[in-house]
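To start, the structure under review is shown below, and the notes come after it.
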Amino acid sequence: MTTSHKTLTRTSTRRWNQTSTRRWTWSWARLAALVLIVAAVLPASTGCRNAPAATNVVGPPPEGEVWLTAQQVRDAKVQVEPVAEHGVGNEIVTSGRVSFDDLRVAHIFSPVTGRIKRIVADPGARVKKGAALAVIESPDVGNAFADYGKAQADLVASEHDFRRQKELFEAHAGSQRDYESAEDSYGKAKAEMDRARQKARLFRSSSSDGVSQELTLRAPIEGEVVARNVNPGAEVQGQYSGGAAVELFTVGELDSVWVFADVFEMDLARVRRGAAVSIKVVAYPDKAFAGKVDWISDALDPTSRTARVRCSIANTTRELKPEMYATVAISVAAPSVPALPRASLLRIGDQTVVFVETGNAPDGRIKFSRRIVAVNEDEGTDYLPIVRGVNRGDAVVTSGAILLSGML
């Protein structure tokens with residue numbers, strides 16, 4: 001065999017082998033694809049044979065309805081509550097102001113005009129009745145005791161003159177006019193003596209010193225020094241001198257306070273003495289202070305057409321401070337009527353709507369229907385009386401209504 005023949009033979013053999021390899025590779029690829037197709041089709045075919053034929057097709061929910069599965073309801077935390085009767089309008093809510101209990105507070109003024117020499121009690125201090133609050137230097141103190149001494153001397157002199165004139169008149173040695181004049185002078189001296197004594201007693205009760213002209217201002221009741229409006233060296237106006245005296249100290253108890261509320265004329269007939277009240281203030285928005293009504297004014301304010309109602313509040317923690325503004329809820333009697341929870345209401349434009357659970361859809365989902373309602377917002381607090389739109393027993397959505405509204 002020649003060299004060229006051998007070369008041709010080897011080339012032909014290599015080409016045959018390559019062609020055979022391609023054919024087998026293509027055959028195995030087709031077989032693998034066929035197996036995958038059969039594996040995918042057989043379960044589907046089996047499922048189609050085993051599945052029942054669809055009898056009806058569920059369409060989209062009607063307008064104004066939302067259909068949710070039970071799992072979706074749980075995930076959205078939708079809660080419903082049946083419409084029932086509740087006591088509505090059982091509170092009158094109004095504004096108020098915290099004040100001292102007038103029977104347990106003292107507003108202390110200076111009885112004399114002078115200068116504050118020393119402060120003894122500071123704000124927040126607890127003082128007993130008669131405890132020193134401040135020392136005041138005043139010439140009024142010296143004048144008062146000087147007037148008292150002069151009145152004593154004048155009384156003695158007028159008494160001597162009266163007795164002398166009386167003896168002369170009885171002996172027919174003096175005129176009746178001189179006797180009556182002496183008697184009148186003696187009466188005036190006694191009156192002046194009484195006046196000077198009372199004034200000196202006023203200063204003496206405040207521990208005054210006629211020599212140094214100092215007056216010690218004392219607490220008239222036991223309590224806490226709530227306010228102090230002067231400092232050492234300040235000039236003060238006397239309470240009895242005819243000027244505008246300034247309150248120097250406020251001493252009182254804060255474990256019980258008053259709250260004055262303004263109640264409108266139309267609500268006044270429902271308020272009773274002894275009614276329970278609940279007080280809230282801005283400083284403690286999550287805390288309510290309990291008390292009761294103990295006084296109702298017999299006159300209305302001509303401008304606001306309101307009557308003042310005084311509430312007595314226990315304040316053992318001293319959290320309520322005088323002059324705080326408060327929200328006052330006064331309990332009143334009210335009938336039970338079908339009412340909606342305030343939390344169930346939605347405002348959409350000028351309409352008030354709620355969502356009501358109305359049963360199950362054909363596919364088993366829970367149906368929620370939007371309804372337009374009317375309620376009386378002038379009455380009630382957490383529950384509002386129903387005017388129209390839902391009936392007693394309807395399951396109203398109280399939580400998650402905003403989410404349902406967004407799905408429409």
Any hit, the stretch 299-307, residues being open to solvent by 80 Å² or more (accessible area, probe 1.4 Å) and touching a helix residue (DSSP H, G or I) at 6+ places or on another chain (Cβ under 8 Å): yes
Criterion (modelled with pLDDT under 90 and under 27 Å from Val88 (Cα atoms)) met by exactly one of Val328, Val373, Val332: Val332
Flag for Val397 being modelled with pLDDT of 90 or more, under 30 Å from Arg270 (Cα atoms) and in a strand (DSSP E or B): no
Filter result for Ala395 (touching a residue at least 60 places away in the same chain (Cβ under 8 Å) and touching a strand residue (DSSP E or B) at 6+ places or on another chain (Cβ under 8 Å)): yes
Given (1) modelled with pLDDT of 90 or more; (2) surrounded by 13 or more Cβ atoms within 10 Å (Cβ to Cβ); (3) out of contact with any Leu (no Cβ under 7 Å at 6 or more places or on another chain), index of the condition Ala283 fails: (2)
Complete set of residues in the stretch 297-325 that are under 21 Å from the mean Cα position of the chain (by Cα), assigned to a strand (DSSP E or B) and over 14 Å from Val98 (Cα atoms): Thr306, Ala307
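Does Ala334 fit the bill of being over 30 Å from Arg126 (Cβ atoms) and small (Gly, Ala, Ser)?
Values: over 30 Å from Arg126 (Cβ atoms): yes; small (Gly, Ala, Ser): yes.
The answer is yes for Ala334.
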Yes/no for Pro111 being touching a Gly at 6+ places or on another chain (Cβ under 8 Å) and open to solvent by 30 Å² or more (accessible area, probe 1.4 Å): no
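Being in contact with a strand residue (DSSP E or B) (Cβ under 9 Å, 6 or more places away or on another chain) and surrounded by fewer than 17 Cβ atoms within 10 Å (Cβ to Cβ) is the requirement here; does Asp363 meet it?
Taking the combined requirement at face value, the residue satisfies it.
In the stretch 198-243, what residues are part of a helix (DSSP H, G or I), surrounded by 16 or more Cβ atoms within 10 Å (Cβ to Cβ) and at pLDDT 70 or above?
Once the filter is applied, which keeps residues that are part of a helix (DSSP H, G or I), surrounded by 16 or more Cβ atoms within 10 Å (Cβ to Cβ) and at pLDDT 70 or above, the stretch 198-243 yields Lys199, Ala200.
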Exclusive hit being without any contact (Cβ under 8 Å) to a residue 24 or more places away in the chain and either farther than 30 Å from Gly406 by Cα or among the basic types (Lys, Arg) (or both), set Arg318, Arg347: Arg347
Enumeration of residues in the stretch 335-360 that are buried (at least 16 other Cβ atoms within 10 Å of the Cβ), in a strand (DSSP E or B) and at pLDDT 85 or above: Pro338, Ala339, Leu340, Pro341, Leu346, Thr352, Val353, Val354, Phe355, Val356, Glu357
Residue in the stretch 372-394 that is nearest to the chain's Cα centre (by Cα), counting only those that are buried (at least 17 other Cβ atoms within 10 Å of the Cβ) and not in a loop (DSSP other than H, G, I, E, B): Tyr383
Residue within the stretch 139-148 that is surrounded by fewer than 16 Cβ atoms within 10 Å (Cβ to Cβ), within 30 Å of Ile313 (Cβ to Cβ) and among the small types (Gly, Ala, Ser) present: no
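The values are calculated or read from the model by the stated rules, or taken from the named source; none is laboratory data. Model, not experiment: these values are computed from the prediction. So basically every Cβ, Gly included, is an ideal-geometry build from the backbone, and we count neighbours across all protein chains shown. Note: accessible area is taken over every heavy atom of the protein model, side chains too, but ligands, DNA and RNA are not part of it. Shrake-Rupley method; radii C 1.70, N 1.55, O 1.52, S 1.80 Å.
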